[in-house]
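Following: one structure in structure tokens, then a few remarks.
Every read-out reported here was derived from the displayed coordinates using simple, explicitly stated rules and does not represent laboratory data. Here the structure is a predicted model, which means the values were calculated and not measured. Note: ideal-geometry Cβ built from the backbone for every residue, glycine included; neighbour counts use all protein chains shown.
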Amino acid sequence: MTKNTRMTKQKQVILDVLRSTKSHPTADWIYEQARKQLPNLSLGTVYRNLGVLKDMGELLELNYGSTYSRFDGNPVNHYHFVCLNCHKVLDIEMDVEERLNNKVEEVMGCHVKHHRLEVYGTCPQCLCKN
Ligand code: ZN
Ligand code: MN
């Protein structure tokens, strides 16, 4: 274990900020909030610490390819719903289908560690506005 994986004050503040919301925020949002407690913080430090915290298993990075990543303070695998209208990312309150791993192992003849699932559509709030 390197000194990098220590839970520093900076990492703790970043993690506290992330875990204070269910909105799956971007690094920029986390930076703006964390700065209120650590005025000398830089955006680069936030990115670096988010990467280290991810490697430590403290958070999930939700990568959407072309757009910027969102971060999730709940490191346990779960499914997400992405609204194509307002771009909100919501937790789907259902269990991860472990059977899907077995199915893929059958089809591929491989070993599956985990799977990630993103569901896209229109969220309940946006549906109400129509
Ligand atoms: Zn929406
Ligand atoms: Mn989530």
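Straight-line reach from residue 11: which lysines fall under 23 Å, measuring Cα to Cα and dropping same-chain residues less than 8 apart?
Result set, ordered by chain and number: 3, 22, 36, 54.
Taking neighbour Cβ counts within 10 Å as the exposure measure, how do 112, 76, 82 sort from fewest upward? Intermediate results must be reported in sequence, preceding the final value.
Working: 112 14, 76 8, 82 18.
The fewest-first ordering by Cβ neighbours comes to 76, 112, 82.
Ranking 48, 70 by Cβ neighbours within 10 Å, fewest first, what do you get?
48, 70
With the contact rule set at Cα under 8 Å and sequence spacing of 6 or more, what percent relative contact order holds for region 20-130?
With pairs under 8 Å counted, the relative contact order is 23 percent.
Angle, helix 9-19 long axis vs. longest principal axis of the chain, Cα atoms, 0 to 90°, nearest 10?
40
Per DSSP H run of at least 4 residues, take -39500 (n - 2.57); add these up for the chain, divide by its residues and hand me the 222 nm value, nearest 500 deg cm²/dmol.
Calculated at 222 nm, the ellipticity per residue is -10500 deg cm²/dmol.
Relative to the longest principal axis of the C-alpha atoms of the chain, give the angle of the C-alpha long axis of helix 43-55, reported between 0 and 90° and rounded to the nearest 10°.
The two axes meet at around 50 degrees.
Determine, from the Cβ-Cβ distance of residue 95 and residue 28 and an R0 of 30 Å, the FRET efficiency 1/(1 + (r/R0)^6), rounded to the nearest 0.05.
That gives a FRET efficiency of 0.40.
Quick one: plug the Kirkwood hydrodynamic radius of the chain (C-alpha pairs) into Stokes-Einstein at 25 °C, 0.890 mPa s, and report D in µm²/s.
It comes out at roughly 149 µm²/s.
What list do you get for 14, 92 if you sort them by fewest beta carbons within 10 Å?
The most exposed by this proxy come first: 92, 14.
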